[in-house]
Amino acid sequence: MATEPTNAIELFYSYSHKDEDLRDQLEEHLAMLKREGVIKGWHDRRISGGREWEGQIDAHLNSADIILLLVSSSFIASDYCYDIEVKRAMERHEAAEARVIPVILRACDWHSAPFGKLQAFPKDGKPLKQWSDQDVAFLDTTKGIRRVAEEIRLQTTTEEEAPESIKTDPYLLIPDLRVSFVRRKDNSGNDIVKLLQEELSPQRPRVVALWGAGGVGKTAIAAEAVRGLIETFAERIVWVSADGLDSFSLTTLLDGISSQLGHTHLRRLSPELKKEQVRDIVRTAPTLVVLDNFETIEPSERAHCVDWLGKPAPCSALITTRDVIEGARNIPIEVMRAEEANALLEQLIGQAHDARAFAKLDHDRLIQTAEANPLVLQWIVGQIDLAQDPDEVLDDLRHGEGSAAERVFNRSYELKQLNNGGRAVLLALSLFAPSATRKAVAEVSGLGKDSDRKKFKEAVKSLSALWLIHTTEESQRLVVEGLTRELTKGRLNTDPRGKTFRPRFVSRFLRFDYSTKALRSPLNSGINAVSLPLFII
């Protein structure tokens, strides 16, 4: 008679249809685990009659506690395995919602895999074991499942004992600025921050869109407005950014809301049920949700997010975006007024390493060159501060193609001060979202050796001086954001080093994250998952 698990552990396995002959063999091992009470059940992509195919698969992927990736050459070549199942598995893995166990069924030539197709297989990696047959692989996987199931039960017990009211401190969520906030006015002379705070009333839930071109300061304005609303909303503030997240979806937004409000368990629900449950939670008390960098989301998912936030509005919502959003209260953000740009410029010069370099600078000329865009102003000041002649910089920037942002970024990117590893560090950092440790960036950029430590440090110093990156958490983590990330990724797509950095990035993901920090419980970071190690890097 089967032993009922103390905590229900569900399992999903992803495989190529060309490996279907192995399914019965695997399920013999899973059936044994079910009889012993290790797991409650499992799912693959077979579905019951009358059910919508992809919807049911998505539901199983979202509810599974353990996800097996049955890797073979056919698996690597499968668009569906990678684009749907592996990507979703990794999303849930990164969010500490599920434990992922990759299983090599037989020898795979991952070197010949098409670029962008399951880049998780590193060129410098070798299988830890050479399986004589699939049965051996599955038996070893069985041991891994036992260990992981035991840890999930321990983690679940800890989470159930934790108070439901634990939520993220909103003061930690809202982005910090590197300079003091400069008050901004709209074309009618209204203070934009005050206007936003009036529109985002707890008594009148609605969707407000702060829209404008890249770099004009939408995030900074939103952050300033939201800081002044923390007490108004009794600290029920959620800040979610889509910056750098290629697969951002409504599910990502809902997961962010539920986690930040202290309802982590809702992340494991199916998409439809999750929409209902999270909506009920934000309706229990006035809540403000901020969705930053909306333009980076795929159009279909943008529509899903706006639809959930607005019909009918379950809470107050602020979206920063580059385009008008139909049905929202749209507030345009344009470039800075002359007095605003001058106020920002004075701050930037005050923070420069050598303010004397700006003594004879024509402020109006610089602002005009930057088209009064605050981000571009920062970049130009950074170039001048980094031992550049002001007139030479401004003369160079008069020429070239594209917008002011493109011209100034391109000039920063090509500066000789970045020849010594700066470009490599910037390109590598653009792969991480929202931030990365110095060690991780050094490794992916190829500057992880002890002998490269000084070179890496100088590269970070130059990039920071150029306002291309900044640091968080007492300078321990590096960040590239918004328009800077977008322009850097454009470079990454054309730079030959991208073909090296991307595999290194995912290789590090497999080596480090499958078994350590990314799999820790948000409520009990002392518990590490033990997944089946497959690679020696």
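What number comes out for the charge environment of ASN493, summing +1 per Lys or Arg and -1 per Asp or Glu over other residues with Cβ under 12 Å away? With Lys, Arg at +1 and Asp, Glu at -1, the neighbours total +3.
Once the 1.4 Å probe is applied to the protein heavy atoms, region 317-449 comes out at 45 Å² accessible per residue.
Extent along the principal axes, Cα only, for region 420-480: 26, 21, 20 Å, with the longest axis given first.
With Cα atoms as the point set, region 211-261 shows a radius of gyration and Dmax of 12.8, 33 Å.
With K and R counted +1 and D and E -1, the other residues having a Cβ less than 14 Å from that of GLY214 yield a net charge of -4.
Within the set LYS455/LYS499; LYS167/LYS457; LYS40/LYS311, which residue pairs have Cα atoms separated by over 26 Å?
In this structure, LYS167/LYS457; LYS40/LYS311 exceed 26 Å between Cα atoms.
What a 1.4 Å probe finds exposed on region 367-492 is 44% carbon and sulfur by accessible area, rounded to a whole percent.
Evaluated at q = 0.11, 0.15, 0.23 Å⁻¹, the base-10 log of the normalised Debye intensity for region 336-441, with identical point scatterers placed on the Cα atoms, takes the values -0.38, -0.68, -1.25. The overall shape of region 198-319, judged from the alpha-carbon gyration tensor, is oblate: a/c is not under 1.5, and a/b is no greater than b/c. Counting only aspartates and glutamates at least 8 places from LYS143 when in the same chain, those with an alpha carbon closer than 17 Å to its own are GLU10, GLU27, GLU28, GLU36, ASP65, ASP133, ASP135, GLU151.
The values are calculated or read from the model by the stated rules, or taken from the named source; none is laboratory data. Source: prediction; values computed, not measured. Every residue, glycine among them, receives a Cβ derived from its backbone with ideal geometry; neighbour counts consider all protein chains shown. Protein only, heavy atoms only, side chains kept; ligands, DNA and RNA dropped before computing areas. Shrake-Rupley method; radii C 1.70, N 1.55, O 1.52, S 1.80 Å.
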